[in-house]
Amino acid sequence: EILYGHLDDIRALLFSSDDKYIISGSSDGTIKIWDFERRGRDLIHYFQFKEEVRSLVLTSDNKYLVSGFGNGHIRIFDLHLKQLIYTFEEAHLDKVVSLFISRDSKYLVSAAQDGSIRLWETRLEKEESDDEVYIFQDAHLDDVNAVAVTHDSKYMVTGSSDRSIKIWDFQNKKLLHTIEVAHKQSITSLTFTQDDKFLLSGARDRSVKQWNLSLIHI
C-alpha cells in the first residue's frame, strides 16, 4: 500500500508503540499522523511549519511527539491534545537530524549537523521546559547524523560525517571509546539490538556493520 500526502522529501517516519499510528515528517514542513489500523487511509491530524522537518521521536506512552527542524528548533507536541506545547528556540545552529528520548520521558538527546550533541530536561508534565542540561563538548569533527542509547540508558553512541562512532557513558556523560574510521563514508544511522549486546551502523558507503560491544574496550 502506498500513502500519498507530502509535497517534498519524507525525512522522518515512525510507528507508535501500539502500532495504531504512523507519523511522518517532511521537507515540506508538515508532520502528519495517519491511522495505521486503516492502513493509513485516514489522516488524523497534521502540523504545518515553514521549516523542514528532519527528525521525530515519540515518548514510550505515545503521548508526546518531539521533532527536530532544519532551522535548529526542537518542538514538543501533545498528541492527545493535538497541539504544540513547547519550542526549544535555536536549540542547535544547524539541522537537528537525530533525537532520542528516555523511557521515563524526562530527558531528550538531540544531535545536529552543527556537530553538537545536547541533553535536555523535557519537564513534559510542567508548564515550561528547561534549557539544555549538558552539551557533549567536542563530540565530532563534522555533522552528527545519528544518536542511539541502550535500553538501560547506560551507553550512548553517536555517528558522524567524520566517519567515527563514539561510545559514551550516558549517565556520567563521559566519552569511553572512539571507533575512528567505522565506515568509508559518513555514518547515517545507528541502532541497538533489544538485548543491547550489538550495535548496528549504516553509512553512505552502502554498508551495514554489526559491532559486538563486549569486544570493545569500554
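The values are calculated or read from the model by the stated rules, or taken from the named source; none is laboratory data. Because the structure is a prediction, the values reported are computed rather than measured. Cβ: placed from backbone, ideal geometry, glycine included. Neighbour counts: every protein chain shown. In case anyone asks, the SASA skips ligands and DNA or RNA and just uses the protein heavy atoms, side chains included. Shrake-Rupley method; radii C 1.70, N 1.55, O 1.52, S 1.80 Å.
Brief remarks follow.
- Subset of segment 197-212 (residues that are open to solvent by 80 Å² or more (accessible area, probe 1.4 Å) and under 18 Å from Lys154 (Cβ atoms)): Lys197
- Elements of type strands (runs of 3 or more DSSP E) in segment 16-98, at least 2 residues being open to solvent by 50 Å² or more (accessible area, probe 1.4 Å) and of a type outside the set (S, T, N, Q): 43-48, 83-88
- Single unsatisfied condition, His6 versus (1) open to solvent by 50 Å² or more (accessible area, probe 1.4 Å); (2) touching a residue at least 24 places away in the same chain (Cβ under 8 Å): (1)
- Strands (runs of 3 or more DSSP E) fully within segment 155-218 that include at least 3 residues being of a type in the set (Gly, Ala, Ser): 198-203.
- Taken over segment 26-68, residues that are small (Gly, Ala, Ser) and over 17 Å from Glu89 (Cα atoms) amount to 4.
- Residue within segment 128-144 that is at pLDDT 90 or above, in a strand (DSSP E or B) and not polar (S, T, N, Q) present: yes
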